[in-house]
1. For a protection proxy built on the mean count of beta-carbon atoms within 10 angstrom, sort 387-394, 544-551, 149-156 highest first, please.
2. Excluding residues fewer than 8 places away in the same chain, name every one of the lysines whose C-alpha is closer than 21 Å to that of Lys434.
3. Give Lys187/Lys255; Lys497/Lys529; Lys187/Lys273 a once-over and call out the pairs whose C-alpha atoms are over 18 Å from each other.
4. Going 7 Å from the Cα of Glu539 along its beta-carbon direction, which residues of the range 493-527 have the amide nitrogen within less than 13 Å of the resulting point?
5. Which length gain, in nm to one decimal place, applies between Lys403 and Glu582 when the Cα-Cα distance is subtracted from 0.36 nm times their residue separation?
6. Along the range 239-250, what does the Karplus equation 6.51 cos²θ - 1.76 cosθ + 1.60 (θ = phi - 60°) give for ³J(HN,Hα), rounded to whole Hz, x for Gly and Pro?
7. So for the pair Ile620, Lys434, with labels modelled 7 Å out along Cα→Cβ, what separation do we get in nm?
8. Please give the Cα centre distance for the range 713-733 versus the range 325-385, rounded to the nearest Å.
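Derivation of every value follows stated rules applied to the coordinates shown; laboratory data play no part. All figures in this text were calculated on a predicted structure; none of them were measured in a lab. Neighbour counts are summed over all protein chains in view; Cβ atoms, including those assigned to glycine, are modelled from backbone coordinates with ideal geometry.
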Amino acid sequence: MNPSSNNHTIEPRDLGNASANVSRVNSPQRKVLSESKSQRVFHTPVMADPSTTTLISQVGHKIPEMFRLKQGSYADLPSAKISELMKSTSLDNAPTQSLLSVVNGILEESVEKRNGEIPQRVACLLRKVVQEIERRISTQAEHLRTQNNLFKAREEKYHSRIKVLEALASRTRDESENERIKTEEKKAGELKHTEKTKREEEKENDLKQFENIKKEEKKIHDKEVIRYIKEYIKELEDKNMEISTLKQELESMRKTYEVQCSQLEAKVEEEKKADKKNVIGYVKELEDKKMEISTVKQDLETMKKTYEVQYSQLKAKAEEEKLAYDKKLEDKKIEISTLKQELETEKKTYEVQCSQLETKVEDAKGELKQKSQEYEHLLEKLRNKVIENEAIFESKYHKWTMKENQIRKSMNFQFSYLQNLKLSWESIKQDVMKKQNIYSEECNRLGVNLKPLVDAAENYQIVLAENRKLFNEIQELKGNIRVYCRLRPFLPGQKEKQSIVEHIGENDLVVANPAKTGKDALKTFKFNKVFGPTSTQGEVYSDVQAFIRSVLDGFNVCIFAYGQTGSGKTYTMSGPNNATPESVGVNYRALNDLFSISTIPDATMLPVKSTSDVIKLMDIGLKNRAKGSTAMNERSSRSHSVVSIHVRGVDQKSGSSLHGNLHLVDLAGSERVDRSEVTGDRLKEAQHINKSLSALGDVIFALSQKSSHVPYRNSKLTQLLQSSLGGQAKTLMLVQINSDIKSFSESLSTLKFAERVSGVELGAAKSTKEGRDVRELMEQVASLKDTILVKDEEIEKLQLLKDLKNVYPGANSERIEAASE
Ligand SMILES: Nc1ncnc2c1ncn2[C@@H]1O[C@H](COP(=O)(O)OP(=O)(O)OP(=O)(O)O)[C@@H](O)[C@H]1O
């Protein structure tokens with residue numbers, strides 16, 4: 001960059017005298033003044049001291065006319081002249097020396113003529129001039145910085161060139177091992193080294209100089225900036241000179257390298273010639289290889305031809321396909337054109353529709369407008385009504401306030417009345433309290449009198465319970481069949497809910513005949529226990545439980561449910577369908593009890609180990625059990641169900657053995673076939689059921705009459721129950737009653753039958769429990785019986801032999817024996 005190209009740079013010839021003033025402008029004013037005095041020889045105002053005129057004239061030719069003060073002082077200048085001087089164009093065009101002389105002039109004038117005072121407009125001029133000088137200095141500083149950067153960039157450029165040269169030198173080293181070259185390389189290295197050290201030195205010098213320049217710059221900054229710039233420029237020129245010298249040196253180095261390269265090339269040529277001989281041998285080998293390659297080439301040629309044939313075939317095929325594709329394309333184009341036509345028609349239709357819609361929209365707009373008018377009219381009406389209503393409300397409000405006043409008045413009146421009432425109530429209260437005291441005294445007296453009566457009643461209850469217990473014990477001793485009666489509740493879907501039962505006691509039941517009236521209609525039945533319709537399965541079982549327990553004491557127990565069809569026998573014995581633990585019947589509870597009471601789980605005839613095992617067996621039995629829907633019961637059992645559990649065990653402490661049977665019997669229901677409306681197979685079933693039940697009735701009748709013959713063998717049922725009914729067993733009959741009025745006749749006959757059953761005396765139940773001695777004796781008896789049996793057989797045989805001998809006296813005894821066997 002050429003410094004003189006900038007408008008604001010100071011030419012070297014201007015700078016010599018102006019540099020000191022620039023620094024003074026930047027310094028505090030007082031310093032400026034003192035220094036300006038010491039150097040007055042340069043800057044005394046032109047007009048004040050004629051001795052300086054020569055000097056001014058020396059430099060004056062460079063100051064534009066307008067900044068030259070011909071006569072008078074700056075303070076005397078007219079304001080128009082000052083404002084003209086302050087114009088940016090005038091200041092820009094003025095050389096720095098002129099500006100500095102203006103500054104000096106003003107300052108000298110103010111010190112010498114005006115005792116340090118500067119008029120306002122002159123001060124403005126001074127400020128402007130100083131600002132301009134400052135701006136120029138900062139531009140110069142910027143310029144210096146740019147120069148510096150330029151110098152650095154050049155330095156880097158030289159560094160990179162040196163690196164390139166180094167690379168060249170190293171490459172040369174690698175290519176030749178010749179010592180001559182080595183020497184040369186050394187030389188080159190030395191040269192490079194010298195050049196490098198020279199460069200480094202120069203660099204160091206440059207840096208030092210640069211630092212010096214910086215220092216000087218600092219000093220000059222205080223003294224003479226212009227001189228520094230001059231020196232700097234000179235230095236720059238020197239650097240340029242140095243650079244050109246370096247260039248020349250580099251040029252000479254390049255030439256040297258070129259010479260070295262040509263020498264190297266010559267050497268390589270020589271080596272090539274030496275190698276040529278070897279090459280001939282290689283050429284021969286190459287010839288052979290070429291032959292091989294030509295053979296391979298021929299093969300390849302043949303392959304190429306084959307491929308070309310294939311290619312031509314494929315091409316022909318591709319062309320055929322292309323033709324077909326073109327045809328398809330043509331078709332598609334036709335299709336597209338058809339579609340376009342269709343689209344066009346659609347578009348037209350759509351446009352027509354659009355226009356129709358627009359017309360409709362217009363119509364709708366009209367309607368909307370009309371309706372909005374109507375609504376506005378309505379709104380107006382409503383507003384009027386609101387006003388009317390407001391008026392009505394106002395009048396009503398007035399009336400209500402009047403009424404409120406009236407009510408208030410009456411309330412006040414009633415309040416006073418209430419006060420009076422309260423007073424009278426207080427007096428009444430007092431009277432009542434007195435009376436209450438009297439009554440409590442009388443009650444106390446009565447309580448004292450009543451106590452003996454209460455005690456007597458309590459005693460009566462105890463006596464009653466004892467009586468019941470005694471009655472039961474007597475019955476037990478008699479061995480009566482126990483009879484529990486259970487009443488089935490009305491079922492949810494049942495329409496008629498009129499009951500024949502008048503009274504349900506703990507042990508008695510009163511039934512009313514709907515055909516009769518008065519006392520004749522009522523009939524009382526007594527049983528060991530009566531369970532009402534609300535009784536639960538648990539309650540029923542709690543009274544059955546004792547029987548189950550006695551099975552394990554060696555008693556035979558039979559529990560059988562009897563009753564008309566649909567009266568709840570299966571419900572009591574097994575429970576409802578999908579029974580829960582709360583609703584399961586006697587069977588399941590009894591089994592649970594047996595297995596929880598027993599210490600010998602496998603002491604059964606059947607391999608059952610738990611309730612669930614037996615239940616599984618029972619389920620099999622239930623599945624086998626015939627069931628059917630009748631008019632009387634949806635899930636009527638069409639057969640008797642008998643669950644027999646045989647318990648055998650040995651008491652390990654006492655050694656006694658026992659065996660007990662438990663029969664859990666759910667009889668099929670007795671039914672009147674006219675009511676159950678059964679026909680066909682069902683009718684046959686009903687007849688069989690009724691037959692077996694009547695056989696049971698006959699047995700019961702014979703037992704109650706203490707007849708010498710009891711017809712057990714008339715049915716399988718009575719045969720099965722023989723040991724429970726006739727033997728010394730514990731028997732419980734659960735009588736099921738359906739209290740429905742329609743079932744009166746059936747219920748009555750059931751109750752009568754049950755009454756008869758309860759009168760049957762079986763004799764005191766006997767346990768089969770036997771002591772150890774008895775058991776051993778029994779076992780001895782059994783073994784003796786077995787021995788007797790064997791002996792009897794032998795006697796029989798001997799007898800037979802004897803008879804045969806008598807018949808055939810000459811026969812051989814061995815042959816007779818064989819014949820008899
Ligand atoms: N105590 C009871 N509580 C609620 N429902 C009962 C009760 N007893 C019986 N039932 C219901 O009455 C209906 C008839 O009962 P169940 O089948 O036990 O009679 P059943 O005497 O065994 O009849 P069948 O002799 O025809 O077999 C069933 O739906 C049963 O669930």
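1. On the way: 387-394: 9.8, 544-551: 18.4, 149-156: 12.0.
The packing order, highest mean first, is 544-551, 149-156, 387-394.
2. Lys422
3. Details: Lys187/Lys255 14 Å; Lys497/Lys529 24 Å; Lys187/Lys273 29 Å.
Correct reply: Lys497/Lys529; Lys187/Lys273.
4. The answer is 504-507.
5. Working: separation 179, 0.36 × 179 = 64.44 nm, distance 6.83 nm.
Between Lys403 and Glu582, full extension yields 57.6 nm more.
6. For the range 239-250, the Karplus curve yields 4, 4, 4, 4, 4, 5, 4, 4, 4, 4, 4, 4 Hz.
7. Computed distance between label sites Ile620 and Lys434 equals 9.0 nm.
8. 98 Å
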